[in-house]
């Protein structure tokens with residue numbers, strides 16, 4: 001009997017020690033994550049005027065965004081964070097109605113993380129700046145700009161989002177702002193709407209877990225270390241570039257033709273990336289340009305530009321934004337493609353000029 005009691009005590013104390021150890025690890029992981037949030041913009045000169053606390057919060061909120069991959073990648077609706085609001089329809093920003101108000105000119109801005117506004121608060125995304133810009137330029141018009149950006153999507157999934165969801169909202173104009181996710185994506189994955197393998201699903205579950213942070217911190221640290229140390233991950237593969245561009249063009253020709261039938265204006269904007277404009281890069285930008293070996297990628301990016309002529313025959317307009325930041329010597333990019341508040345303002349102003357004759 002005494003042996004059984006002793007074994008029970010040992011088991012109990014062992015269990016307590018395990019719980020204490022796991023608690024210490026979890027607390028340590030949370031402390032480490034707080035001081036090392038692993039977001040590219042934390043130390044960027046683009047965000048030099050933003051407080052460290054706000055940058056940390058933006059970073060945490062971006063990490064916590066939840067997505068669904070079926071039937072194609074999209075934001076989970078009804079997410080409310082300190083710096084990010086995702087409404088009942090999965091669009092970033094305040095709630096809207098499915099039915100368009102009479103007299104409203106409704107614009108959807110579609111794209112990946114650059115449109116969504118990774119690294120910025122709700123009020124400083126490209127669509128938010130565009131809303132303010134258009135209200136100022138057209139004070140007598142009721143214009144509504146909707147942020148339909150989804151981090152990680154490319155032209156194929158963007159077209160699915162447009163044809164299966166956005167058309168239901170009776171848009172007057174759809175503006176597609178993309179290019180980066182397409183040129184980066186392997187050709188053999190172009191027609192895959194989402195990543196469904198079990199390993200990726202487990203990784204997503206760990207990263208999005210709001211209760212236990214240890215796994216999330218370990219994974220974030222590993223991927224950051226891998227990106228910094230594996231040269232092969234940073235070398236752009238130019239093989240099959242013509243096939244990539246062909247798929248991109250084919251997708252937008254199809255969707256533009258459908259939009260035309262529905263009497264919806266549709267514009268395709270080839271987005272700028274770090275190094276695509278003629279400007280003096282900041283110290284941090286130059287470091288990123290060299291670290292990510294972007295000279296080869298920017299050279300291949302011109303293949304997308306050469307497709308714009310064909311797109312102009314099917315879409316309302318296809319516009320080259322690659323050189324949008326020519327002459328701007330201020331810091332614009334905090335990584336290879338994402339822009340800070342200044343860059344987002346410049347982009348919105350250019351879009352406003354591009355679409356003014358449609359309004």
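The values are calculated or read from the model by the stated rules, or taken from the named source; none is laboratory data. Note that this is a predicted model, so its numbers are computed, not measured. With ideal geometry, Cβ positions are generated from the backbone for all residues, glycine too; neighbour counts draw on all protein chains shown.
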Which of (1) modelled with pLDDT of 95 or more; (2) farther than 25 Å from residue 67 by Cβ; (3) assigned to a loop (DSSP other than H, G, I, E, B) does residue 273 not meet, given it meets every other one?
(2)
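Residues that are modelled with pLDDT under 75, over 18 Å from the mean Cα position of the chain (by Cα) and at negative phi: which helices (runs of 4 or more DSSP H) entirely in the range 148-247 hold 2 or more of them?
On the way: elements: 155-164, 180-184, 198-208, 214-229.
Counting at least 2 such residues, we get 198-208, 214-229.
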Tell me, which residue of the range 49-85 that is without any contact (Cβ under 8 Å) to a residue 24 or more places away in the chain and part of a loop (DSSP other than H, G, I, E, B) is nearest to the chain's Cα centre (by Cα)?
76
Being crowded, with 20+ Cβ neighbours inside 10 Å, in contact (Cβ under 8 Å) with a residue 40 or more places away in the chain and in the same structural domain as residue 177 (by TED's automatic domain parsing) is the requirement here; does residue 318 meet it?
yes
Scanning the range 268-280 for residues that are crowded, with 19+ Cβ neighbours inside 10 Å and closer than 24 Å to residue 327 by Cβ gives 269, 270, 271, 272, 273, 274, 275, 276, 277
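Considering only residues that are over 15 Å from the mean Cα position of the chain (by Cα) and under 26 Å from residue 332 (Cβ atoms), which ones fall in the range 86-118?
Within the range 86-118, 107, 108 meet the criteria.
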Go through (1) at pLDDT 90 or above; (2) farther than 21 Å from residue 181 by Cβ; (3) not in a loop (DSSP other than H, G, I, E, B) for residue 27 and report which single condition fails.
(1)
Can residue 142 be described as in the same structural domain as residue 59 (by TED's automatic domain parsing), over 28 Å from residue 301 (Cβ atoms) and at pLDDT 95 or above?
yes
